[in-house]
Amino acid sequence: MDIVRTAIGLMSGTSMDGIDVALLRTDGRGFIERGPFLGVPYDGGFRERLKRGLDLARPLTDRTARPDELRDIEIELTERHVDAVTAFLDKFSLSRDEIDLLGFHGQTVLHRPDDALTIQIGDGALLAQRTGISVVYDMRANDMVHGGQGAPLVPAYHAALAGRFQKEGQTTCFVNIGGISNLTYIGAEGRIAAFDSGPGNTLIDQWVEMQTGKTYDPGGEIAGRGKVMPDIAARYLGSPFFQGNIRRSLDRGDFKPLADGEASLEDGARTLAYVAAASIVKSAGYLPESPSVYIVCGGGRLNGTIMAEFADMAGKKGSTVMSAEQAGFDGDAMEAEAWAYLAVRSLEGLPLTYPGTTGVSQPVTGGVVAEPAR
Ligand SMILES: Nc1ncnc2c1ncn2[C@@H]1O[C@H](COP(=O)(O)OP(=O)(O)OP(=O)(O)O)[C@@H](O)[C@H]1O
Ligand SMILES: CC(=O)N[C@H]1[C@@H]2OC[C@@H](O2)[C@@H](O)[C@@H]1O[C@H](C)C(=O)O
């Protein structure tokens, strides 16, 4: 019988809005029992520190390099993860002895798949030492060593979930609308196809912050008051990213922010919400077929304007759109749960990625284990 472990997944995504913490009991295969979730937001000051981290990382060519200030940011990020784990255990009255391992994503500060370079800051050994819990981290690197895009990694978890609810003959596509969006298609025979699909919330967040100081468009309400500017939308959707036969994974900085003066606040937000929805549909054209149903996860599902546009566009292709919650999941917890799941798979030496998910040459495992001093 396979070992069932209790794991906590920790995700600090490209939106840099905070740490998502989720508990999962799993054997890393078909047994999945979802536990509680906690979102621990970053304050504005730390978000600025992380943005500084992205600037510092831009010239790096060695994924282990940590110029002084970047190392300081890495330690601070790790300490914030220690605090997030402590807050999670306290809130749900759990003791650390009940937790077998932590799946630690860290913060992506640079992602250049064409150069086989992906850098996540976050010190796994320090996290293990400070929490007293084993840590699995750095789960993207081995995929790139074997020719993969290094992302997305969540598809293995999506596929395991789909196996539990997908009806015969149905095809499902999970959509994550985070800072960047990505898709996981699961065909009727369990075939998986996955890739990054385009810009998600990052362009919207950057625009709204530049114009108002708010960090996002709550509910998509600002966008709801604007109109789509076709020239700007065409500029984004005409990107070479959407062409060619190789699906590339994205860095947060791959799509240029909308410049001040190009649109009114509302029209800019509306246009970028349209671009977020249209990008998904455009990239979905590379799936084996139009899925019966899209299940939307990530913060973008709370943007009513993105969701209305997407439901309309997908509907015209015969697909239904539902939120993760409508499908019985938690759209905020999905990535953190996935990191718990992948950490358990890593310990078991099971593949994290497949040719159909990252373009890796063969199914490969990944991750580095850090044990606390006993
Ligand atoms: N209530 C809301 N209304 C509209 N948008 C929201 C809302 N809540 C969150 N968002 C958007 O979702 C973003 C965060 O989404 P999420 O946490 O899924 O991203 P992430 O995990 O950081 O990114 P990625 O999946 O690319 O790593 C926020 O930056 C914001 O743009
Ligand atoms: C390099 C990196 O951190 N990529 C993220 C990013 O955010 C969304 C999308 O781009 C996805 O490919 C990936 O994250 C998720 C968690 C993944 O690997 O599945």
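Before moving on, here are some points about what is shown:
- Residues of the stretch 1-22 satisfying the condition of being under 17 Å from the mean Cα position of the chain (by Cα) and either away from ligand 2 (no atom under 15 Å from the Cβ) or of a type in the set (Gly, Ala, Ser) (or both): Ile8, Gly9, Ser12, Gly13, Ser15, Gly18, Ala22
- Scan of the stretch 24-48 for residues that are open to solvent by 70 Å² or more (accessible area, probe 1.4 Å) and charged (D, E, K, R), ordered by number: Arg25, Arg29, Glu33, Arg34, Asp43, Glu48
- Checked against (1) touching a strand residue (DSSP E or B) at 6+ places or on another chain (Cβ under 8 Å); (2) within 9 Å of ligand 1 (Cβ to nearest atom), Arg248 passes all but condition (2).
- Here Ala314, Ala327, Ala284 are screened, and the one residue that is within 23 Å of Gln170 (Cβ to Cβ), at pLDDT below 95 and open to solvent by less than 50 Å² (accessible area, probe 1.4 Å) is Ala327.
- When residues in the stretch 347-363 are screened for being within 14 Å of ligand 2 (Cβ to nearest atom) and either among the β-branched types (Val, Ile, Thr) or open to solvent by 10 Å² or more (accessible area, probe 1.4 Å) (or both), 7 of them pass.
- Members of the stretch 333-344 that are over 19 Å from Gly299 (Cβ atoms) and touching a helix residue (DSSP H, G or I) at 6+ places or on another chain (Cβ under 7 Å): Tyr341, Leu342
- Any pair with Cβ under 6 angstrom, 6 or more apart, that starts in the stretch 190-201 at a residue that is within 14 Å of Phe310 (Cα to Cα) and in the same structural domain as Arg247 (by TED's automatic domain parsing) and ends at one that is among the aliphatic types (A, V, I, L, M) and open to solvent by 10 Å² or more (accessible area, probe 1.4 Å): Gly200/Ile180
- Qualifying residue in the stretch 105-116 (condition: under 23 Å from the mean Cα position of the chain (by Cα), surrounded by fewer than 19 Cβ atoms within 10 Å (Cβ to Cβ) and basic (Lys, Arg)): yes
- Residue in the stretch 238-258 that is touching a residue at least 24 places away in the same chain (Cβ under 8 Å), under 30 Å from Gly45 (Cα atoms) and not in a loop (DSSP other than H, G, I, E, B) present: no
- Residue within the stretch 123-137 that is near ligand 2 (Cβ under 9 Å from one of its atoms), crowded, with 22+ Cβ neighbours inside 10 Å and modelled with pLDDT of 95 or more present: no
- Of all residues in the stretch 319-365, those being in contact (Cβ under 8 Å) with a residue 12 or more places away in the chain and under 17 Å from Leu183 (Cα atoms) number 26.
- Filter result (under 24 Å from Asp100 (Cβ atoms) and either in contact with a helix residue (DSSP H, G or I) (Cβ under 6 Å, 6 or more places away or on another chain) or open to solvent by less than 30 Å² (accessible area, probe 1.4 Å) (or both)) within the stretch 144-175: Leu153, Val154, Pro155, Ala156, Tyr157, His158, Ala159, Ala160, Leu161
- Taking the stretch 187-221 as the range and being more than 14 Å from ligand 2 (Cβ to nearest atom), open to solvent by less than 10 Å² (accessible area, probe 1.4 Å) and closer than 23 Å to Gln362 by Cα as the test, only Gly187 passes.
- Residues in the stretch 187-205 that are touching a helix residue (DSSP H, G or I) at 6+ places or on another chain (Cβ under 7 Å) and of a type in the set (Val, Ile, Thr) were compared, and the one that is farthest from ligand 1 (Cβ to nearest atom) is Ile192.
The values are calculated or read from the model by the stated rules, or taken from the named source; none is laboratory data. Computed from a predicted structure; not experimentally measured. Virtual Cβ from ideal backbone geometry, glycine too; neighbours counted across all protein chains shown. Protein only, heavy atoms only, side chains kept; ligands, DNA and RNA dropped before computing areas. Shrake-Rupley method; radii C 1.70, N 1.55, O 1.52, S 1.80 Å.
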